[in-house]
Amino acid sequence: MAVAPIKSTFGKVANSYAGSYMRAGSNEFYPGGRNDQRRLNTRNLNNDIADMMTAHRHKMMLGDSRYIYQSFSSIAGAVKQKANYVYGGSWRLQSLSADTDFALAVEEDFKRLDQMFDIRGSNFGFRKNVWRGSKLLDVDGDFFVILSEEPLPKGATKAEKEKPRFPKLQFIEAHRVGDWGECRDGYVNDSKTYGGRKILSGIIVDDFMAPIAYRVKDGSRGRGFQDVPANSMVHFTDMEWFSQGRGTPTIAAAILDWYDLAETRDAQKMKQKINSILTLVESTESGTRDIGKNALGIGGGGSAPATQYMDSGMIRIIKNGGSLKAHTANDPPEGWLKFTTLVETSAFYALGWRREMLDSSSVGGAGVRGFAADINKSIASRREVLESGYKRLAQYIIAKRAKMGAYNLPDDWWKLSFTKPAEFTVDEGRMRTQDREDLRAGLITASNIAERRGEDFEDVITTRAKELAKVKEIAQQYGHDVSEISILTKPGDPLPEDSNSNNSNNE
């Protein structure tokens, strides 16, 4: 028998749950239950993530993550590199409708209008925004897209207002969605529609934590924000907890490590600068400058340098018993370099990435295949998150374009997918050889191989068919056998014999 879902109102009654009196329990059954100084800062972690990650702390985390991304070239490079592989110049829309005419029309429509869907213009193409979206999931934790349409011109007529308008998408960054207005204690207090509802860092939810609206900063309105209904907004994020409301930047997991590394890095930079300035070290009996020499004007003081320049060098005057030696420093020290590598490796794991991507030569043999598999799994996971939201964007665009008369919608119009980026490999030649062997053995299909290379099998076959037709046409036009111009040869290889000449010789 089905049971009604439990409400998650997070109200005062819910927080003062019954039976919350403290009981000591048994230290023998769970020794970790003993009081410990290290547990003083973790006793409140047994709450819902949405309660612990308040709007204020979400802003702090967002600022920290963006600072780390902007300050560390290795993190910025890793995030961009990951986005490059996730995007991979792919993400072309593919209609899965059984209506071939409709499918072709939709695909051509998206190819032609790719740079017109984003409200900001051609610099933000529909496909290329995948790259930016992947980066934002690592740096900001989430982003949003408003399903909009082309604005009406000033003084629009009634007919123009009733006419279907071109679909537009507005991508919103994480910092623009927040607890604006009267949101004391995490509840909306300034809206007739959503009054009394829980708000989680800008996301207004129902009794079961399902989003019903998003509070977005809007400077054009008197109160500085507007509540966008959930059916007009797409929220891109990769939730890690069932009680989570907002996305968590992958950079955030290593924030403390990066701050520690920043301090030591600044100290090493200062040390390097000092070492680069020092060239000679003078040892004297007093350990100070010679004031007597300075009074005689022969160096050692501040008014006369303790050096005498010559045509091709200089002479340094030192006191008897003193010494002069070159200053050398073995910096940065090996221990610090190992510490840096350890921190970066841990931080890259939190990103779902591998530090070996900076230098794959440090890995060999089975390790190469292992780390390549990790990278491909990370790419696939990120692609799944983005594809889920992108399908909704595409379906919205298709529905709006159909209203504009671009095409008619069949029953299965909503079925679609996107081409995948090429699979990551550190040994392209070996992968291609293995693909051929697996194909001959029947362990893989040609479609699988094309997909792994970021291609669509139907497109590949269509292109090959067009090439073959063109070869036949040109061969017939110039009186050649098809094999003469279709078979690729290397220098020194004998040319293929004309099939027509063979037939005449046999006769």
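Evaluate the following for LEU93: is it without any contact (Cβ under 8 Å) to a residue 12 or more places away in the chain and farther than 29 Å from THR345 by Cβ?
no
For residues that are part of a loop (DSSP other than H, G, I, E, B) and under 11 Å from SER8 (Cα atoms), tally how many sit in the range 198-217.
Step one: filter the range 198-217 for residues part of a loop (DSSP other than H, G, I, E, B), giving 201-202, 206-210.
Now narrow it down to the ones that are under 11 Å from SER8 (Cα atoms): 206-210.
Qualifying residue count, the range 198-217: 5.
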Close pairs (6 angstrom Cβ cut-off, 6 or more residues apart or separate chains): part of a loop (DSSP other than H, G, I, E, B) in the range 172-196, acidic (Asp, Glu) and open to solvent by 50 Å² or more (accessible area, probe 1.4 Å) anywhere: ASN189/GLU182; ASP190/GLU182
Candidate set from the range 248-278 (those that are surrounded by 13 or more Cβ atoms within 10 Å (Cβ to Cβ) and part of a loop (DSSP other than H, G, I, E, B)); member that is farthest from the chain's Cα centre (by Cα): THR248
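From PRO151, PRO167, grab the single residue that is within 18 Å of LYS403 (Cα to Cα) and exposed (fewer than 15 other Cβ atoms within 10 Å of the Cβ).
Numbers: PRO167 fails: exposed (fewer than 15 other Cβ atoms within 10 Å of the Cβ).
Being within 18 Å of LYS403 (Cα to Cα) and exposed (fewer than 15 other Cβ atoms within 10 Å of the Cβ) holds for just one of PRO151, PRO167, which is PRO151.
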Given (1) surrounded by fewer than 20 Cβ atoms within 10 Å (Cβ to Cβ); (2) without any contact (Cβ under 8 Å) to a residue 24 or more places away in the chain, index of the condition ILE204 fails: (1)
For GLY245: the one exception among (1) touching a residue at least 12 places away in the same chain (Cβ under 8 Å); (2) open to solvent by 30 Å² or more (accessible area, probe 1.4 Å); (3) in a loop (DSSP other than H, G, I, E, B): (2)
Odd one out for GLY125 among (1) without any contact (Cβ under 8 Å) to a residue 24 or more places away in the chain; (2) open to solvent by 50 Å² or more (accessible area, probe 1.4 Å); (3) in contact with a strand residue (DSSP E or B) (Cβ under 9 Å, 6 or more places away or on another chain); (4) under 30 Å from PRO249 (Cα atoms): (2)
Residue within the range 423-432 that is open to solvent by less than 80 Å² (accessible area, probe 1.4 Å) and closer than 28 Å to PHE143 by Cβ present: yes
Test result for ASP411, free of Cβ contacts under 8 Å to residues at least 40 places away in the same chain and not in a helix (DSSP H, G or I): yes
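The values are calculated or read from the model by the stated rules, or taken from the named source; none is laboratory data. Given the structure is predicted, the values throughout are model-derived calculations rather than measurements. Ideal geometry is used to build each Cβ from the backbone, glycine not excepted, and the neighbour counts take in all protein chains shown. For the accessible areas, the whole protein counts, side chains as well, though only heavy atoms, and no ligand, DNA or RNA atoms are used. Shrake-Rupley method; radii C 1.70, N 1.55, O 1.52, S 1.80 Å.
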